[in-house]
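Read through the structure below, which is laid out as structure tokens, and then see the notes.
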Amino acid sequence: MSESVVDGIAAEFLHNANRGRRLVAVDGADAGRAARFADALAQAIAGASGDDVVRRSLGAVTEPELRSGTVEPFRAGEDAGADAVLVVDGQGLLDDAVRGIWHFSVWTLAGDELPHSGANVIVDLSDEGAPSRYFYDYCAIPPSVNRPGLH
């Protein structure tokens, strides 16, 4: 995976959230690609900050499971020091019910699906060896696009 894109996203996150116990979500249409990107992002954050980085891969979880099994233990300090980052991948992490949990979120594209409009960053991983940052403008989508499936 291209380090420049991942490093740039890590730097952006650390610039905006540089202290405390921080939470990052990585979601996408292809769970495997999202997990691999989350791995690379966690490594980039650890390398750039020197802070403890805790990595979790959750799959599909409910809001109560996410809060009680992952977020609350991390916020309580069970996994790492005071300035630590939790990087989580899974499905539904950007849904309305849990979107506010995260300090930073990434949506990974796997092809030509529409991106999630609630993510801080959108990354095109259709070529995982050469990811690219995708800048999404909801207003630019033509009215002919079937919008009900849009996240």
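For the reader, a short list of remarks on this structure follows.
- Taken over the stretch 117-135, the criterion of being farther than 22 Å from L14 by Cα and either at pLDDT below 85 or not hydrophobic (A, V, I, L, M, F, W, C) (or both) is satisfied by S126, D127, E128, G129.
- Enumeration of residues in the stretch 56-70 that are under 15 Å from V26 (Cβ atoms) and surrounded by 12 or more Cβ atoms within 10 Å (Cβ to Cβ): R56, S57, L58, V61, L66, T70
- Scope the stretch 10-42; condition closer than 23 Å to S126 by Cα, out of contact with any strand residue (DSSP E or B) (no Cβ under 6 Å at 6 or more places or on another chain) and among the basic types (K, R); matching residues: R36
- Filter pass, I45 being closer than 20 Å to S132 by Cβ, in contact with a strand residue (DSSP E or B) (Cβ under 7 Å, 6 or more places away or on another chain) and without any contact (Cβ under 8 Å) to a residue 60 or more places away in the chain: yes
- Residue list for the stretch 77-93, filter: in contact (Cβ under 8 Å) with a residue 40 or more places away in the chain, surrounded by fewer than 23 Cβ atoms within 10 Å (Cβ to Cβ), of a type outside the set (G, A, S) and not in a strand (DSSP E or B): D83
- Evaluation of F104 against (1) surrounded by 15 or more Cβ atoms within 10 Å (Cβ to Cβ); (2) within 22 Å of R21 (Cβ to Cβ); (3) over 13 Å from the mean Cα position of the chain (by Cα); (4) modelled with pLDDT of 85 or more (one fails), failing number: (3)
- In the set (1) over 11 Å from the mean Cα position of the chain (by Cα); (2) farther than 15 Å from I122 by Cα; (3) surrounded by 15 or more Cβ atoms within 10 Å (Cβ to Cβ); (4) not polar (S, T, N, Q), L109 fails one condition alone, (2).
- Screening the candidates P143, P148 for the property of being assigned to a loop (DSSP other than H, G, I, E, B), over 22 Å from A10 (Cβ atoms), at pLDDT below 95 and over 13 Å from the mean Cα position of the chain (by Cα) yields one hit, P143.
- If you go through the stretch 103-119 and keep only what is assigned to a loop (DSSP other than H, G, I, E, B), out of contact with any His (no Cβ under 8 Å at 6 or more places or on another chain) and within 26 Å of D83 (Cα to Cα), you end up with H103, A119.
- Output for the stretch 9-49, where each listed residue is surrounded by 23 or more Cβ atoms within 10 Å (Cβ to Cβ), assigned to a helix (DSSP H, G or I) and not small (G, A, S): I9, F13, F37, L41, I45
- Checking each residue in the stretch 50-76 for being more than 30 Å from S126 (Cβ to Cβ), under 18 Å from the mean Cα position of the chain (by Cα) and either assigned to a strand (DSSP E or B) or of a type in the set (A, V, I, L, M, F, W, C) (or both) picks out D52, V71, F74.
The values are calculated or read from the model by the stated rules, or taken from the named source; none is laboratory data. Because the structure is a prediction, the values reported are computed rather than measured. Reconstructed Cβ throughout: ideal geometry from the backbone, glycine too, with neighbour counts over all protein chains shown.
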